[in-house]
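The values are calculated or read from the model by the stated rules, or taken from the named source; none is laboratory data. Keep in mind that what you see is a predicted model, and the values were worked out from it rather than measured. Positions of Cβ are backbone-derived with ideal geometry, glycine not excepted, and every protein chain shown enters the neighbour counts.
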């Protein structure tokens, strides 16, 4: 009897320890609760993270090489007219719930995505002209999708389209990515389990992903998130602020990673809306390229990067970050800090500096306010530094911080502001993704949204070039057009680009194979290849 | 029974008026109807227009409120715009978390408050009185958010912050009441006649202070719910306090109206229970 008991106990212990060794769980935080699990309706970071971890895509943009790689599709071809893309699908794949994957699922996903009433943000990026999108199932593993007009960077856009099942009862919860959502404790945490039907294998033929589950804690308090990382309760923080980064470098340097300039930039612009409720003489200043260039040259970008961002940013050049390897126009350089040149430009427009006060040609003192969002300490710091820099050329600047909805209301509805300091978060490398910013008729053409016709010759030229690049398939010709757009934006400065922020992250030393990059998601872009140290796995 | 019905009618009217007032305040708050998604560069003009149109439907408050009440009668509390979920589902999942925090906070706060106030009144312990009064004064001066952050750093359950908010109020009020009652002539006579402390407290002091303490109980419930908002936000506790904060930042009309009504209902019910618990004579 004693022997039997001993054997049972030994087996139980052995099984228990084996389980503890094999069951690995990655833990990190989401800053808010995901708003949706429907991959086509994703618009904020948390939902995007869940989509990235669970969604299977036809083609995947390798975040490190910035090149497209096969995903659910083994092969794809864009037609000469740029309207049609044909995919050959990987055979024998299944969704996480066991439902088979076929061309019908691709057709269903595209049909859902392009449904006008859904207002899918991803669907909007495919909309290039009036008319219906058609999906033709050529075989169980072949599908062709035709759009009413050419779509620039068509294949690359499919990196964002997670394929949904047309027949699964679980709807969007049946997925083709490395993980699936197994538990959702609203407001508390999400549990993702390894998808048993995930198609990828490593070089040795072992099924991926290596990590069995992911726990995503909802944690909006950033201080707490970092504290939890230092205590070893979570394994990574995908994006951290320069201040936290510096703190981490001092306390636990092995955890801190700076991948260099990201795609995100900080910029300011002047209100050029013709109907805005601001004085006519101020409108005239803001509409002058000389005035905007002078302001740009009077701002010390190096100092902004060094002081406001603790050296983890670089003076910005323009629309495109140097991190965007293909589309960045490398002939351009950041505007130098040169207050003499700034004053000379202002003199061309009749401005005069007297007793440290700048006045325009009609004697009006040059004074304006910059609005920015309250609570963002980096922008608040930048605004204060800009205030000091512009005082050097006699301009009086007032800094006004507003809560984010109030700021959005001012820049999109009431236009009751003079200048605004804000950031641009770029998730896509292709210039097609910024069409709604640079076309003069677009709502996000922030210095003067929704122009009936281009207000200036250079805006008309940008419109022409943006449309030309969007309707051309040859990437090198597209780049020529977009290089010119970058040059015009650099000369005219409707947006005064200030700094390009670095991609900072924190990664536990127990997590291996992590290669932080500048593209989102910076740390877990290769989630299926990440590994956790066995001792960490045993403690969870 | 009549008293109960009168209270119920009063609660219903106040809750409905509270909901209407809440909706009006949200409607006229700055940047009502603005959505961050409008800045998404991927969005086409048609998409942005659709977002604005959807928010525009909530601008007419009388129409919104009537429509809302009609739906509420059918058990539909609307959908939260910030979290994209039915409000009923959000409340059902989040309310237990807050109730747990509030009950724990009230129990610990009341327990500590009475545990210190009773010996001070009964044994005239001046050292204890000075120590406890100083502690209560310090706790009253420190903002709730500071306690919450401190608890996060010290890895202490954030729910206990509510107890620190409730404790000084309960202690100071209970101490003053008990000390005053302990000096009443009939209590002094009872003591002079040799009645034990426990008997004096149970028979002569407690009945005297019970009506006022029950009023304080009602007030402390609303105090605890108010404290739950910063505590849940800073300690990342997924309760309705955190929900209310998010709803306020996002000008989420449906969520805010419902939360206003729920908090009003709970506060009024607590006050009503305290009121009903008091004997008729004490109320008069």
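Quick notes on this structure:
- Count of residues meeting criterion [free of Cβ contacts under 8 Å to residues at least 24 places away in the same chain and in a helix (DSSP H, G or I)] in segment A:447-458: 1
- Comparison of A:207, A:116 shows that the only residue that is surrounded by fewer than 19 Cβ atoms within 10 Å (Cβ to Cβ), away from every other protein chain (no Cβ under 14 Å) and without any contact (Cβ under 8 Å) to a residue 24 or more places away in the chain is A:207.
- Residue count for segment A:448-464, restricted to those that are away from chain B (no Cβ under 14 Å) and surrounded by fewer than 20 Cβ atoms within 10 Å (Cβ to Cβ): 9
- Options A:386, A:411: the member that is within 14 Å of chain B (Cβ to nearest Cβ) and either at pLDDT 95 or above or not in a strand (DSSP E or B) (or both): A:411
- Within segment A:470-491, at least one residue is in contact with a strand residue (DSSP E or B) (Cβ under 9 Å, 6 or more places away or on another chain), within 25 Å of residue A:378 (Cβ to Cβ) and either touching a residue at least 40 places away in the same chain (Cβ under 8 Å) or within 13 Å of chain B (Cβ to nearest Cβ) (or both).
- Some residue of segment B:86-109 being more than 28 Å from the chain's Cα centre (by Cα) and free of Cβ contacts under 8 Å to residues at least 24 places away in the same chain: no
- Pick from segment A:429-446, criterion facing chain B (nearest Cβ under 8 Å) and in a loop (DSSP other than H, G, I, E, B), ranking: farthest from residue A:122 (Cα to Cα): A:441
- Residues located in segment A:332-349, provided they are touching a residue at least 40 places away in the same chain (Cβ under 8 Å), over 11 Å from residue A:298 (Cα atoms) and surrounded by fewer than 17 Cβ atoms within 10 Å (Cβ to Cβ): A:348, A:349
- When the helices (runs of 4 or more DSSP H) confined to segment B:189-284 are screened for residues that are at pLDDT 90 or above and in contact with a helix residue (DSSP H, G or I) (Cβ under 9 Å, 6 or more places away or on another chain), those reaching at least 3 such residues are found at B:206-234, B:240-249, B:253-277.
- Counting only residues that are in contact with a helix residue (DSSP H, G or I) (Cβ under 8 Å, 6 or more places away or on another chain) and modelled with pLDDT under 95, segment A:79-105 holds 1 of them.
- Among the candidates A:212, A:235, A:241, A:217, residue that is surrounded by 20 or more Cβ atoms within 10 Å (Cβ to Cβ) and touching a strand residue (DSSP E or B) at 6+ places or on another chain (Cβ under 9 Å): A:235
- Residues (closer than 25 Å to residue A:133 by Cβ and either surrounded by fewer than 18 Cβ atoms within 10 Å (Cβ to Cβ) or free of Cβ contacts under 8 Å to residues at least 12 places away in the same chain (or both)) located in segment A:63-87: A:68, A:69, A:70, A:74, A:75, A:77, A:78, A:79, A:80, A:81, A:86
- Qualifying residue in segment A:254-266 (condition: buried (at least 21 other Cβ atoms within 10 Å of the Cβ) and closer than 30 Å to residue A:346 by Cβ): yes
- Residue within segment A:96-113 that is part of a loop (DSSP other than H, G, I, E, B), crowded, with 19+ Cβ neighbours inside 10 Å and within 14 Å of another protein chain (Cβ to nearest Cβ) present: no
- The set of residues in segment A:470-493 that are assigned to a loop (DSSP other than H, G, I, E, B) and surrounded by fewer than 23 Cβ atoms within 10 Å (Cβ to Cβ) comprises A:471, A:472, A:473, A:474.
- Residue in segment A:230-237 that is within 26 Å of the chain's Cα centre (by Cα) and farther than 17 Å from residue A:532 by Cα present: no
- Residue match in segment B:232-244 (condition: in contact with a strand residue (DSSP E or B) (Cβ under 9 Å, 6 or more places away or on another chain) and more than 14 Å from chain A (Cβ to nearest Cβ)): no
- Number of residues in segment B:62-84 that are under 28 Å from residue A:449 (Cβ atoms) and free of Cβ contacts under 8 Å to residues at least 40 places away in the same chain equals 1.
- Residue A:40 vs. criteria buried (at least 16 other Cβ atoms within 10 Å of the Cβ), under 29 Å from residue A:182 (Cβ atoms) and under 25 Å from the mean Cα position of the chain (by Cα): yes
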